[in-house]
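Asks: Dropping a structure here in structure tokens format, bear with me for questions.
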Amino acid sequence: MSNVEKVSIKPMKIPRIKNGTVIDHITSGNALKVLRILGIPKQNTYTVSVAMNVQGKLGKKDIVKVENRELAREEVDKIALIAPKATINIIRDYQVTEKHKVELPDEFRGIACCQNPTCISNTGEPVQSRFIVLDKEIPRIKCYYCQREPDDISDRII
Ligand SMILES: Nc1ncnc2c1ncn2[C@@H]1O[C@H](COP(=O)(O)OP(=O)(O)OP(=O)(O)O)[C@@H](O)[C@H]1O
Ligand SMILES: [Mg+2]
Ligand SMILES: [Zn+2]
């Protein structure tokens, strides 16, 4: 197959990394939200490259490459909330050794907060936020307790 040839001549917008994570197929324009989820630039120890509005096979996308870091489950779930088509590629010794599509669970707790200020999850009770996933593709979520759907999910991510 000519795939090997194609890969070897394919120019990369960002230099290859030896070890780390490539978050690919991020909804165009959302790379900075992904960085915020990863705690960057607050946490300034990681080398990160970002490409935005790159023409991919299926339209424009953003890409984030983080050197020497793998992602926690919770970070991947948060990314799924704002970039539902993203893929997480683990790079080891310059090669893609693992590839996962992000996928929201049917229900999740704790990674976002409810928009309703009088919701039981926001009133100082020992009640952790909890959401039902209505649509994994768009995505759409609603609060388990008060049924409120946030206007903008990315504003709700903790
Ligand atoms: N060593 C590396 N350093 C930096 N980026 C890399 C490295 N290897 C692969 N990538 C990037 O990681 C992503 C996934 O690589 P892969 O070779 O699986 O591409 P692909 O076949 O186009 O994958 P997909 O089908 O998920 O789009 C691509 O954006 C690619 O440019
Ligand atoms: Mg590709
Ligand atoms: Zn609520």
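Coordinate-derived values only; no laboratory data. What you are looking at is a predicted structure, and each value in this text was computed from that prediction instead of being measured. Methodologically, a virtual Cβ is constructed for each residue, glycine included, from the backbone with ideal geometry; neighbour enumeration extends over all protein chains shown.
Asks: In percent, what relative contact order does segment 107-156 have, based on Cα pairs under 8 Å that are 6 or more apart in sequence? If you can, show how the numbers build up before the last one.
Replies: Numbers: 76 pairs, mean separation 17.2, N = 50.
Dividing the mean separation by the residue count of segment 107-156 yields 34 percent.
Asks: Among 100-107, 46-53, how do they line up from the highest to the lowest mean number of other beta-carbon atoms within 10 Å?
Replies: 46-53, 100-107
Asks: Any chance you could give the angle, 0 to 90 degrees and rounded to 10, that helix 73-82 forms with the longest Cα principal axis of the chain?
Replies: 90 degrees
Asks: With a ≥ b ≥ c the root eigenvalues of the C-alpha gyration tensor of segment 107-156, is it rounded (a/c under 1.5), prolate (a/b larger than b/c) or oblate? Can you show the working numbers first?
Replies: On the way: a/c = 2.04, a/b = 1.70, b/c = 1.20.
Taking the square roots of the gyration eigenvalues as a ≥ b ≥ c, segment 107-156 is prolate.
Asks: With a 10 Å radius around each residue's Cβ, average the other Cβ atoms per peptide and rank 60-73, 135-148, highest first.
Replies: Working: 60-73: 17.7, 135-148: 14.8.
Most protected by this proxy first, the peptides run 60-73, 135-148.
Asks: Now for a different question. Do you know the relative contact order of the chain, to the nearest whole percent, from alpha carbon pairs under 8 angstrom that are 6+ apart? Intermediate values should be presented prior to the final figure.
Replies: Details: 295 pairs, mean separation 32.9, N = 158.
Across the chain, relative contact order equals 21 percent.
Asks: As a test of the formula, what do you get for the chain when each DSSP H run with n ≥ 4 contributes -39,500 (n - 2.57) and the sum is divided by the residue count, at 222 nm and rounded to the nearest 500 deg cm²/dmol?
Replies: Details: 4 runs with 28 residues, N = 158.
Value at 222 nm, helices only: -4500 deg cm²/dmol.
Asks: While we're on this one: Assuming R0 = 30 Å, what is the FRET efficiency of ILE90 and LYS142, from their Cβ-Cβ distance, to the nearest 0.05?
Replies: Here the calculated transfer efficiency is 0.40.
Asks: Just to verify a number: FRET efficiency for LYS60 and MET12, C-beta to C-beta distance, R0 = 22 Å, to 0.05? Don't skip to the end; give the middle numbers.
Replies: Details: r = 17 Å, r/R0 = 0.77.
E between LYS60 and MET12, to the nearest 0.05, is 0.85.
Asks: Please turn the phi angles of segment 17-33 into ³J(HN,Hα) values with the Karplus equation 6.51 cos²θ - 1.76 cosθ + 1.60 (θ = phi - 60°), one per residue in order, whole Hz, x for glycine and proline.
Replies: Computed from phi, the couplings for segment 17-33 are 10, 7, 9, x, 9, 10, 9, 10, 6, 6, 3, 3, x, 9, 4, 5, 5 Hz.
Asks: Follow-up question, since we're still on this one. Identify, among GLN115, LEU134, TYR145, the residue whose Cα sits farthest towards the positive end of the charge dipole of segment 107-156, taking +1 on the Cβ of Lys and Arg and -1 on the Cβ of Asp and Glu, with the dipole about the Cα centre.
Replies: TYR145
Asks: Now, a different point. Based on the alpha carbons, how large is the Rg to Rh ratio for the chain when Rh follows Kirkwood? It would help to have the intermediate numbers written out before the result.
Replies: Working: Rg = 17.4 Å, Rh = 16.9 Å.
We get a ratio of 1.03 for the chain.
Asks: Then there's this: Counting Lys and Arg as +1 and Asp and Glu as -1, each charge on the Cβ, what is the dipole of segment 3-101 about the Cα centre in debye, to the nearest 20? Walk me through the numbers before you get to the answer.
Replies: On the way: 19 positive and 10 negative charges, 57 e Å.
Taking the Cα centre of segment 3-101 as origin, the dipole is about 280 debye.
Asks: Right, here's the next one. Can you work out the Karplus-derived ³J(HN,Hα) for every residue in segment 118-126? Use 6.51 cos²θ - 1.76 cosθ + 1.60 with θ = phi - 60°, whole Hz, and x for glycine or proline.
Replies: 9, 4, 4, 7, 10, 10, x, 6, x
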